[in-house]
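As structure tokens, the structure follows; a few thoughts come after it.
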Amino acid sequence: MPPKTSSSAPAASPRSFTQKATIFAIVFALLTVLYRYLDSHLDWFYILNPTDLHDLSLRAIGAHGNDTTAVVAFITRELSEKLPGGYINLDEEWIFNNAGGAMGAMYIIHASITEYLIIFGTAVGTEGHTGRHTADDYFHILKGTQLAYTPGSYEPEIYPQGSVHHLRRGTVKQYKMESACFALEYARGWIPPMLGFGFADGLTSTLDVPTLWRMTWVTAREMVSNLARGKL
């Protein structure tokens, strides 16, 4: 009677492992080159810019003062006229947003892979962490005052109505809105990596599933619809 032999899967050959590792290294290198190339040419994909948005914000404030409803309407109406074709969301779909310990509400005006434009703020004040992001963020104050703090400073940065708080890509601050404050917030850079910051508090703290779902739906709808228009 022949001796029994153990049945086991054949071990992967060193050559097979080397081939897989080589393919992985080549793909990773190509993706890295592509990312760096696109990252250095992000200006190709922008349809908005901070200078024009600041001018628009100042004109809206000049026309309507502290009537923030009218200020927002002024901004969205002019943007929709300058950027026809559905790039601007005119439906004021206000959604609560918890991020970095701060709570407010936002209205998504535009969202794509390389840009987003929202109205963000609160009528009762809030405070939190800005997050460290893969995009430059421009906070155009439409109403109220925002304070910011960088470690090592002994005085707050103060951003009143009509000013712009520029949070540079990769930097982080503490920020505070002591009372009612609303801003036109514009981010330009890589937007998808920022979404985790926007969802983290909802997933780990508030567990507000309806709000998370609505934020996911509106964000995805705007990004996908803009991709369909050829807007990265």
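Rounded to the nearest percent, how much of the accessible area of the chain (1.4 Å probe, protein heavy atoms only) is carbon and sulfur?
Taking all protein chains in place, the chain shows 63 percent carbon and sulfur surface.
Taking only complete DSSP H runs, can you tell me which helices of the chain stretch 24 Å or more along their own long axis by Cα positions and average at least 0.0 on the Kyte-Doolittle scale?
Flagged H segments are 14-39, 209-228.
Rounded to the nearest 20 Debye, what is the dipole magnitude of region 48-229 about its Cα centre when Lys and Arg each give +1 and Asp and Glu each give -1 at the C-beta?
Dipole of region 48-229, to the nearest 20 debye: 300 debye.
What ranking, highest mean first, results for peptides 68-80, 208-220 when packing means the other Cβ atoms within 10 Å averaged over each residue?
In descending order of packing, they fall as 68-80, 208-220.
Compute the length gained on full extension between GLU127 and ALA73: take 0.36 nm times their separation in residues and subtract their Cα-Cα distance, giving the result in nm to one decimal.
Here the answer is 16.8 nm.
So what is the orientation-averaged projected area of the chain, using the convex hull of its C-alpha atoms, in nm²?
Hull-based average projected area comes out at 20.3 nm².
If the limit is 27 Å between Cα atoms, which of LYS82/LYS231; LYS173/LYS231; LYS176/LYS231 go over it?
Beyond 27 Å: LYS173/LYS231; LYS176/LYS231.
Run lengths n ≥ 4 of DSSP H only: what is the helix-derived mean residue ellipticity at 222 nm for the chain, with -39500 (n - 2.57) per run over all residues, to the nearest 500?
Helix contribution divided over all residues of the chain: -12000 deg cm²/dmol.
Relative contact order of region 35-131: what whole-number percent is it, with Cα pairs under 8 angstrom and at least 6 residues apart?
Worked out over region 35-131, it gives 18 percent.
Give the residue from ILE61, HIS166, SER40 lying farthest towards the positive end of the charge dipole for the chain; charges sit on Cβ (+1 for Lys and Arg, -1 for Asp and Glu) and the dipole is referred to the Cα centre.
SER40
Which order do TRP94, TRP44 take when ranked by solvent-accessible area (1.4 Å probe, heavy atoms of all protein chains), largest first?
TRP44, TRP94
What distance in nm lies between label points placed 7 Å from Cα along the C-beta direction at SER153 and GLU178?
The modelled label-to-label distance comes out at 1.6 nm.
Relative contact order for the chain using alpha-carbon pairs under 8 Å, separation at least 6, rounded to a whole percent?
So the answer I get is 20 percent.
Any idea of the accessible area per residue across the chain, 1.4 Å probe, to the nearest Å²?
Accessible surface, normalised per residue, equals 56 Å².
Would you work out which of ALA183, ILE26, VAL224 lies farthest towards the positive end of the dipole of the chain, given +1 charges on the beta-carbon of Lys and Arg and -1 on that of Asp and Glu, about the Cα centre?
ILE26
Find how much the distance from ASP91 to THR204 grows on full extension, using 0.36 nm per residue of separation minus their present alpha carbon separation; answer in nm with one decimal.
Additional length available on full extension: 37.8 nm.
With a sphere of radius 15 Å drawn around the Cβ of GLY202, what net charge do the other residues whose Cβ falls strictly inside it have (Lys, Arg +1; Asp, Glu -1)?
-1
State the extension gain, in nm to one decimal, for the chain segment bounded by PHE197 and LEU227, taking 0.36 nm per residue of separation less the distance between their alpha-carbons.
The PHE197-LEU227 span can extend by a further 8.6 nm.
When Lys and Arg each count +1 and Asp and Glu each count -1, what net charge do the other residues less than 14 Å away from GLU115, Cβ to Cβ, add up to?
Residues close to GLU115 contribute a combined charge of -2.
7 Å from Cα along Cα→Cβ at both LYS82 and THR134: what's the point-to-point distance in nm?
Taking the simple label geometry, LYS82 and THR134 are separated by 2.7 nm.
List the aspartates and glutamates whose alpha-carbon lies under 20 Å from that of LYS143, not counting same-chain residues fewer than 8 positions away?
Counting by Cα, and skipping residues close in sequence, LYS143 has these aspartates and glutamates nearby: ASP52, ASP55, ASP67, GLU78, GLU92, GLU93, GLU127, GLU157, GLU178, GLU185.
The values are calculated or read from the model by the stated rules, or taken from the named source; none is laboratory data. Nothing here was measured: the structure is a model prediction, and the numbers come from that model. Reconstructed Cβ throughout: ideal geometry from the backbone, glycine too, with neighbour counts over all protein chains shown. Keep in mind that these areas ignore ligands, DNA and RNA; they rest on the heavy atoms of the full protein, side chains included. Shrake-Rupley method; radii C 1.70, N 1.55, O 1.52, S 1.80 Å.
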